[in-house]
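Notes for the one structure printed next.
The values are calculated or read from the model by the stated rules, or taken from the named source; none is laboratory data. Keep in mind that this is a model prediction, so the values were computed, not measured. Counting neighbours? That spans all protein chains shown, and the Cβs are built from the backbone with ideal geometry, glycine included. For accessibility, only protein heavy atoms count, side chains too; no ligands or nucleic acids. Shrake-Rupley method; radii C 1.70, N 1.55, O 1.52, S 1.80 Å.
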Amino acid sequence: MAEESKDVTTSELTRASTALQKRLDVIERIRGDLETEKIAVPGIVVCGSQSAGKSSTMESIIGVHFPTGEGMCTRCPAIVSLQVNPSCTEPVVLVSGEPDFHDVDACAIHEVAEKIEEITNARCMGCKVSEDPIYIRITSASGPVLTLTDIPGITAVSKDQADIEEVTQRITRNYINKDGMVVLVVIPGWEDFGNPVALKLAKDADPSGERTIGVVTKVDDLPPSSDIIQKIRMERATDVELAQGFIAVRNRNKEEVADNVSGEVIREREIELFSNDPKLSQLDKATWGIPTLVNKIVDMQMKVVSTFIPELLSTLRNRIRALENEKKKLPFIITSDEEKHSMFVKISQEITTSFNELMEGRILSDDSSMNICARFHEFSSNFQDTLQQGLPNFLNDKYRDFLHSYVKETRGVNLANFMSGPVFVRSINQAFDTPISDGVADLLDNSFDLVGGVWRRIIEKASEEYPLLGALLGDVVESEVEGGKREVNILIETLLDAEKVVALTLNPAYMKSIEAFKNNMMLLGDDGEDQNPTTEENRPYGILGNVLFSFLKDTKTKLQSKSNQTAADIFEMQVSLHCYARLKKERVVDHIVLLVRYFLFTHMAKRVSTAIWKIQNYKECLNPDPDALRQSLRIERTLERLKRVQTEVKKVM
């Protein structure tokens, strides 16, 4: 009998098909990775009330002794992974408080219980319960490949932990709620099956009961009046029903633990009990024994695994895709000086190229403030309008009176026939000073603010992933823009100083305009009326301005009534100022706009580009951001883990 039952657990577990075994092998190899990624993994969890016999049942299934006895023996979840390595001559056992088993020495099979107690006592003060699991890995030359989890029994009493009931129920829920988890609810044979809290929680987590098995323990010492047969068979209307039913088992009792009775002997005694006991022998073979329980677990795992693998592949594909998209949004992490130099060159070229394209009008931005040619044209037109609107009307009576007073106050400075020169220069300068000063200030402020803003936005976009470099480049550009503005302002001041020194033009339009005034004056009669109206279309009124006729008529009348040289001189000066101011305005506008445009675009592009390439301390600005680096490393590690898992899973599809 002993020989027949020897290693019966192993033989029953390994009866599964090769395909299932391979899939189980893969699941166990990747379990740690999946749990790290919080992906629910099929497994087996053993739950129940305190002292229901959970640890003894675990021991019977896997053949490894767990701490057993009265009171709370399991105070931490114990996750046991069984693995196979044909090269093992003796089982290799690792027991650790960490899933990676870092710095843990192997121990013998018989030392497992002691190691579990050491970690438990170090982690749990007194009889307190911890939710942090203990990890056990057992590698043998042959046998099953699976993972079982023993969790603390549900209890309401603890002298060391007031919330013991809440904690033990929460631990139970956390494990049994996982999809694909086969739930073994351990119930002592003498207990009313309607009472166990663990079974109620299992029904909540698994309403259909498709993954829940009731495991009935402590059936070897029941009174003759026990209704254990009816409860397991679920014959009565009042009996608790489970879709997967109840299976009765015999585990080691206290005396057998003390005597260190082997698992093989216990299996023999189990067969003897259920074969010969007057009451228990009434049970069908499908409802008793550890081998039967193992068969049931294997069958359920086959169903779970068959759906789990395709779903896992889909989950892995989605997570890998999401992580790769997240990775694309992160800055490129560079560490070497060569990589930093290449990145600096790439960003610098992108910045200068983008500005040149905008400057040359090769690209048109949806953001109108980035279209610098169009905006500068608007600023130039505003400058022209400011100058035009600020100049006085040299041909009206008010200005004639001003000149008369001004000429009067300059008598004695020069001979009478030389007085018009200084008056003319002062008058033209006075007329231009305020409007040109205001116009130039607005033109420079608006234009250089515009270009500075365009440079900054180009830099922000190009260096978005490297804000420190962006700040450095922004400071360089701001300095160069301010320097360029000062330079062009000095040149404009020099140009305007030259304009103030002397009234000078080589433009023949000046004298032609004056001659046109005089010729049109001659066409007026002594009464100021036009003597030849039919020739109006041939007269240069358009050149001289819309006020020409009324001005000439009024002047003719006054010259007839006041025949003096001063009036004639003032008339000539008014005409000269009007004609020269018009030419000077056009000349100043063209020169200043051309100068500003050159500095703003061509000169600034060269100046900024040169300044950028001279930057020496860019490397420290390209050091990876600590948060981005951590995030990048996290993504890389996770991708590596998920792709490794994906490769393993594809092997068993």
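See the values below:
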quantity	calculated
HN-Hα J in Hz across region 641-653 - Karplus 6.51, -1.76, 1.60, θ = phi - 60°, x for Gly and Pro	5, 5, 5, 5, 5, 4, 4, 5, 5, 4, 5, 10, 6
Relative contact order (percent, whole number), the chain, Cα cutoff 8 Å, 6+ residue spacing	14 percent
Per-pair calculated FRET efficiency, R0 = 22 Å: M302 and Q282 via Cβ, rounded to 0.05	0.15
Antiparallel bridges, percent of DSSP beta bridges restricted to the chain (to nearest 5)	30 percent
In sequence order, calculated HN-Hα J values of region 288-303 (Karplus, 6.51, -1.76, 1.60; Hz; x Gly/Pro)	8, x, 4, x, 5, 4, 5, 4, 4, 4, 4, 4, 5, 5, 4, 5
Rounded if a/c under 1.5, otherwise prolate or oblate - region 147-217, Cα gyration tensor axes	oblate
Å² of accessible area per residue within region 255-380, as computed with a 1.4 Å probe and no ligands counted	53 Å²
Overall form of region 163-260 per C-alpha gyration tensor (a/c, 1.5; a/b vs b/c)	oblate
Rough spin-label spacing in nm, given labels placed 7 Å along Cα→Cβ, for N195 and S87	5.3 nm
Rounded accessible area of W613 (nearest 10 Å², 1.4 Å probe)	110 Å²
For region 122-180: accessible area per residue (Å², 1.4 Å)	44 Å²
Nearest-10 value in Å² for the accessible area of R75, using the 1.4 Å probe	30 Å²
Anchor K22: lysines whose Cα lies under 21 Å away (excluding residues fewer than 8 positions away in-chain)	K296, K303, K643, K650, K651
Helix-derived mean residue ellipticity, 222 nm - over the chain, DSSP H n ≥ 4, -39500 (n - 2.57), to 500	-19000 deg cm²/dmol
Heavy-atom surface of region 420-476, accessible at 1.4 Å and reported per residue (Å²)	43 Å²
Inter-probe distance in nm under a simple model that places probes 7 Å from Cα toward Cβ, at E117 and E586	11.1 nm
Accessible carbon and sulfur surface of the chain relative to its total accessible area, %, 1.4 Å	50 percent
Cα centre as origin, Lys/Arg/Asp/Glu Cβ charges: the chain dipole, Debye	1800 debye
Packing-based ranking, highest mean first, of 102-110, 34-42, 46-54 given that Cβ atoms within 10 Å are counted	46-54, 34-42, 102-110
Calculated P(r) over Cα pairs in 20 Å bins from 0, in percent (choose from [x] 17, 51, 29, 3, 0; [y] 14, 27, 14, 13, 12, 12, 7, 1; [z] 17, 47, 24, 6, 4, 2, 1, 0), label	[y]
